[in-house]
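A.B. asks: Below is the structure I would like to discuss, written out as structure tokens.
The values are calculated or read from the model by the stated rules, or taken from the named source; none is laboratory data. Computed from a predicted model, the values in this text were never measured in an experiment. Positions of Cβ are generated from backbone atoms using ideal geometry, with glycine treated the same way; all protein chains shown enter the neighbour counts.
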Amino acid sequence: MSYFLCIETSSEICSVALSIDNNVIAERTALDNNAHASRLTLLINELLRESEIEPSTLNGIFLSAGPGSYTGLRIGTSTAKGMCYALGIPLVAIDTLDALISQVKNSEATFLCPTIDARRTEVYCKLVKAFNKEEIFATTSLILEPNSFNGYLQEGSIAIFGSGAEKTKALIQSEKVIFLDEIKPKASAIAQLGFELWKKGKHENLIEFEPYYLKDFQVKKSSKPLFPPVIKRENYEK
């Protein structure tokens, strides 16, 4: 019997879960947007304390590794790596889109399309066959247009879900598109996938590992001047 901490910070929601082997026994979620920095360690402490589990009991940490929010992934990764270093336990990284796919049960759609909000009209997504999860196209950053999925809709229906589903719904109108609004990134969804990878010994190198950002972080330029204006001495009041 092995204990695992699951961490999900790829979206605006922050959540953690505790599993015994692949069975989730507890989960905590912060619903306030982008509270990862202030809430993640508190959620972990609450989860372990209320489950009466000491950190030293953990056999590994499962991390939702992206794609997703740059800041959220950075916070989740630094926390997971720090705990793994301190406790001497392995880190297992799970593709966030695969974790979304694992939540879909008995879909009647031809294809499954998990999405992560990437701001503006852009989403991170992939497309797989519903019946065997065969990959049709790999994870990509897609700028949504009304005809984005037309070629695949000629072959069948598509179930779209995840944090990018809402903006997709606003742009793509088709009776062959099914939106699964209840499926979102959450820590409990990575327990099964993480356990399978852990058993196979697929652990990350703690020094080299980085989350799956997919694209470079872009810093917005401030409209404010970098330094205050210089006041000439003759303008000072005596």
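Residue-wise test of (1) in contact with a strand residue (DSSP E or B) (Cβ under 6 Å, 6 or more places away or on another chain); (2) under 20 Å from GLN192 (Cβ atoms); (3) part of a strand (DSSP E or B); (4) not assigned by TED's automatic domain parsing to the domain that holds GLY194.
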| site | (1), (2), (3), (4) |
| --- | --- |
| VAL16 | yes, yes, yes, no |
| ALA26 | yes, yes, yes, no |
| ASN33 | no, no, no, no |
| SER38 | no, no, no, no |
| THR41 | no, no, no, no |
| LEU47 | yes, yes, no, no |
| SER56 | no, no, no, no |
| ARG74 | no, no, no, no |
| THR79 | no, no, no, no |
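A.B. asks: Suppose we filter region 30-55 for residues that are in contact with a Leu (Cβ under 8 Å, 6 or more places away or on another chain) and among the small types (Gly, Ala, Ser); how many remain? Full working, then the answer.
C.D. replies: First, the residues of region 30-55 that are in contact with a Leu (Cβ under 8 Å, 6 or more places away or on another chain): 30, 44, 47-48, 51, 53-55.
Imposing the further condition that a residue be among the small types (Gly, Ala, Ser) reduces the set to 30, 51.
Qualifying residue count, region 30-55: 2.
A.B. asks: Being without any contact (Cβ under 8 Å) to a residue 60 or more places away in the chain and part of a loop (DSSP other than H, G, I, E, B) is the filter here; which residues of region 83-106 pass it? Outline the logic, then answer.
C.D. replies: Residues of region 83-106 without any contact (Cβ under 8 Å) to a residue 60 or more places away in the chain: 86-89, 101, 105-106.
Selection gives GLY88, ILE89, LYS105, ASN106.
A.B. asks: With respect to GLY194, is the statement that it is outside the structural domain of VAL24 (by TED's automatic domain parsing) and either within 23 Å of THR110 (Cβ to Cβ) or modelled with pLDDT of 95 or more (or both) true?
C.D. replies: Working: outside the structural domain of VAL24 (by TED's automatic domain parsing): no; either within 23 Å of THR110 (Cβ to Cβ) or modelled with pLDDT of 95 or more (or both): yes.
So GLY194 does not fit the description; no.
A.B. asks: Check off (1) within 28 Å of LYS199 (Cβ to Cβ); (2) assigned by TED's automatic domain parsing to the domain that holds LEU18; (3) within 14 Å of the chain's Cα centre (by Cα) for THR139 and give me the number that stays unchecked.
C.D. replies: (2)
A.B. asks: Quick one: is GLY201 in contact with a Phe, Trp or Tyr (Cβ under 8 Å, 6 or more places away or on another chain) and in a loop (DSSP other than H, G, I, E, B)?
C.D. replies: Values: in contact with a Phe, Trp or Tyr (Cβ under 8 Å, 6 or more places away or on another chain): no; in a loop (DSSP other than H, G, I, E, B): yes.
When the stated conditions are applied, GLY201 does not pass them.
A.B. asks: From the residues in region 135-153 that are part of a loop (DSSP other than H, G, I, E, B) and either hydrophobic (A, V, I, L, M, F, W, C) or touching a Phe, Trp or Tyr at 6+ places or on another chain (Cβ under 7 Å) (or both), which one is surrounded by the fewest Cβ atoms within 10 Å (Cβ to Cβ)?
C.D. replies: Once the filter is applied, the top-ranked residue is LEU144.
A.B. asks: If you scan region 101-126, which residues turn out to be of a type in the set (Phe, Trp, Tyr) and over 17 Å from TYR70 (Cβ atoms)?
C.D. replies: Of the residues in region 101-126, the ones of a type in the set (Phe, Trp, Tyr) are 111, 124.
Passing the criteria: only PHE111.
A.B. asks: Looking only at region 107-128, filter to residues that are in a loop (DSSP other than H, G, I, E, B) and of a type in the set (Ser, Thr, Tyr); which one of those is modelled with the highest pLDDT?
C.D. replies: In the first step, residues of region 107-128 are kept if they are in a loop (DSSP other than H, G, I, E, B); the result is 107-110, 118-121.
The next check asks that each one be of a type in the set (Ser, Thr, Tyr); those that pass are 107, 110, 121.
Numbers: SER107: 85, THR110: 97, THR121: 90.
Here the answer is THR110.
A.B. asks: Among the residues of region 38-50, what is the count of those that are surrounded by fewer than 15 Cβ atoms within 10 Å (Cβ to Cβ) and hydrophobic (A, V, I, L, M, F, W, C)? Break it down into steps so the answer makes sense when it comes.
C.D. replies: Within region 38-50, the first condition is being surrounded by fewer than 15 Cβ atoms within 10 Å (Cβ to Cβ), and the residues that meet it are 38, 42, 45-46, 49-50.
From what is left, the residues that are hydrophobic (A, V, I, L, M, F, W, C) are 42.
Final tally of qualifying residues: 1.
Listed here are the residues, each with its yes/no results for (1) within 22 Å of ILE136 (Cα to Cα); (2) touching a residue at least 60 places away in the same chain (Cβ under 8 Å); (3) among the hydrophobic types (A, V, I, L, M, F, W, C).
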residue	(1), (2), (3)
TYR152	yes, no, no
SER157	yes, no, no
GLY162	yes, yes, no
ALA165	yes, no, yes
ALA170	no, no, yes
SER174	yes, no, no
ILE178	yes, yes, yes
SER188	no, yes, no
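A.B. asks: Within the group GLU27, GLU12, GLU54, which residue is acidic (Asp, Glu), surrounded by fewer than 15 Cβ atoms within 10 Å (Cβ to Cβ) and either farther than 18 Å from ILE190 by Cα or within 17 Å of the chain's Cα centre (by Cα) (or both)? Don't jump to the end; show me each part of the working.
C.D. replies: On the way: GLU27 fails: surrounded by fewer than 15 Cβ atoms within 10 Å (Cβ to Cβ); GLU12 fails: surrounded by fewer than 15 Cβ atoms within 10 Å (Cβ to Cβ).
Among GLU27, GLU12, GLU54, only GLU54 is acidic (Asp, Glu), surrounded by fewer than 15 Cβ atoms within 10 Å (Cβ to Cβ) and either farther than 18 Å from ILE190 by Cα or within 17 Å of the chain's Cα centre (by Cα) (or both).
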